[in-house]
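Below is one structure, written out as structure tokens; comments come after it.
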Amino acid sequence: MSPLAIFFLFLINSSLAANTNIYNVQNYGAKSDGETDSSEAFLSAWSAACASTSSSTIYVPRGNYLIRNAYFNGKRCQSNAITIRIDGTLLAPSDYNAIGNEENWIKFEKVNGVSIYGGTFDGQGASLWACKNSDYDDCPDGTTALNFYKSNNIIMSGVTVQNSQKFQISIDGCRNVKLQGLKVSAPGDSPNTDGIHVKLSSGVSIMKSQIGTGDDCISIGPGNSNLWIEGIACGPGHGISIGSLGWKKQESGVQNVTIKTVTFSGTTNGVRVKTWARPSNGFVRNVLFQHIVMVNVKNPIIIDQNYCPNHQSCPHKGSSVKISDVTYQDIHGTSATKVAVKIDCSKRNPCSGITLEDLNLSYND
């Protein structure tokens, strides 16, 4: 690079730095010892960034930061461009009683233009999983590690979310969300630890990420449209699921979903659509599953309109959720069971437009 080009690059970087306010959480009292509650320090840095009328960066240096709870509200933010750059690890309390009855550990509500780069969110959920797996009756339900609620124009890149008590990441009522290069993980026997749960949202993309949990790698709830999921490595877990849907009689549908270039390794399911056998005005339409690799997957392709986990208190009223225009294209690999494709549609409102193209699934050679 020529000296003149270096000079101009220096001027550009200097200009960007001059127009960006940087808020280091340690300057607001955050401690990187993993023991001191730094919740208020993070919230103070957020308040300062929100008050800025120009683009702002919240910086989290290396180290471990204990966060009991953090609720970032963007309702009164002046800035529509807040970057959170994390070089450290955020830790939830290891004692599940501290936050086990909270709905979320870290929540962003009504924020716009927030980007999160790098860092680790560690929910430290092992003690709650042990409680639930012991059949002890007094365990709390557990908290979702990272939740975005009614928020727009969100980016998460290069972030690790792990060991949440319950769901790892939840996208709820959001528009234009881009998740890329994520690593989402929890042990395969950890209960109800969905990797990424999306509901009531549109324009969500999940790209080039590794997801392994004790439940669905990605679960798609009611009210979603224009979802793009590509380049995912899933396992362990229960696969990628649309649903469960149809629990409520009045329920928003799911439409315009593309799931492509995914590898499932040792999962319970591959690509799944599941609905309860109950009356509902919900629907699933215009879905493409494409370029999928199955590696020893128990149910590679499944539509289950009589969904009932553990076969307890199952409704048998017949699902009214209409499933239509679903295409399975270029799906190959190995099934761990003799039934590689199961299409169990509703007798009350049968599936239509189900297309299977270029499938090659084997069982025991």
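The values are calculated or read from the model by the stated rules, or taken from the named source; none is laboratory data. Keep in mind that this is a model prediction, so the values were computed, not measured. Because the Cβ atoms are built from the backbone with ideal geometry, glycine has one as well, and the counts that use them run over all protein chains shown. Note: accessible area is taken over every heavy atom of the protein model, side chains too, but ligands, DNA and RNA are not part of it. Shrake-Rupley method; radii C 1.70, N 1.55, O 1.52, S 1.80 Å.
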Practice prompt. Would you point out the residue of the stretch 71-87, among those that are closer than 21 Å to T144 by Cβ and part of a loop (DSSP other than H, G, I, E, B), that is least open to solvent (accessible area, probe 1.4 Å)?
Written response: G74
Fill in: Within the stretch 142-184, tally of residues that are hydroxyl-bearing (S, T, Y) and surrounded by fewer than 21 Cβ atoms within 10 Å (Cβ to Cβ)
3
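Yes or no: D358 without any contact (Cβ under 8 Å) to a residue 12 or more places away in the chain, among the charged types (D, E, K, R) and either surrounded by 16 or more Cβ atoms within 10 Å (Cβ to Cβ) or farther than 21 Å from G221 by Cβ (or both)?
The answer is no for D358.
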Fill in: Subset tally (residues that are on the phi < 0 side of the Ramachandran plot, surrounded by fewer than 21 Cβ atoms within 10 Å (Cβ to Cβ) and part of a loop (DSSP other than H, G, I, E, B)) for the stretch 101-141
10
Item to complete: All but one of (1) part of a strand (DSSP E or B); (2) in contact with a Pro (Cβ under 7 Å, 6 or more places away or on another chain) hold for Y59, so report the exception by its number.
Response: (2)
Worksheet entry | Selection within the stretch 91-100 - crowded, with 17+ Cβ neighbours inside 10 Å and either in contact (Cβ under 8 Å) with a residue 40 or more places away in the chain or of a type in the set (K, R) (or both) | L91, A92, Y96, I99, G100
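Quick test for you: out of N349, N364, pick the one residue that is open to solvent by 10 Å² or more (accessible area, probe 1.4 Å), within 14 Å of L245 (Cβ to Cβ) and assigned to a loop (DSSP other than H, G, I, E, B).
N349
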Worksheet, complete the sentence: Flagged pairs (Cβ under 8 angstrom, 6 or more apart or on separate chains; first in the stretch 39-52, free of Cβ contacts under 8 Å to residues at least 24 places away in the same chain; second in a helix (DSSP H, G or I) and surrounded by 21 or more Cβ atoms within 10 Å (Cβ to Cβ)) are A41/V25; A45/V25
Worksheet item: Of all the residues that make up the stretch 295-305, how many are open to solvent by 40 Å² or more (accessible area, probe 1.4 Å) and either in contact with a Cys (Cβ under 6 Å, 6 or more places away or on another chain) or not in a loop (DSSP other than H, G, I, E, B) (or both)?
Response: 3
Response to the item:
Within the stretch 172-203, restricting to residues that are without any contact (Cβ under 8 Å) to a residue 40 or more places away in the chain and among the charged types (D, E, K, R), the one that is nearest to V284 (Cα to Cα) is K199
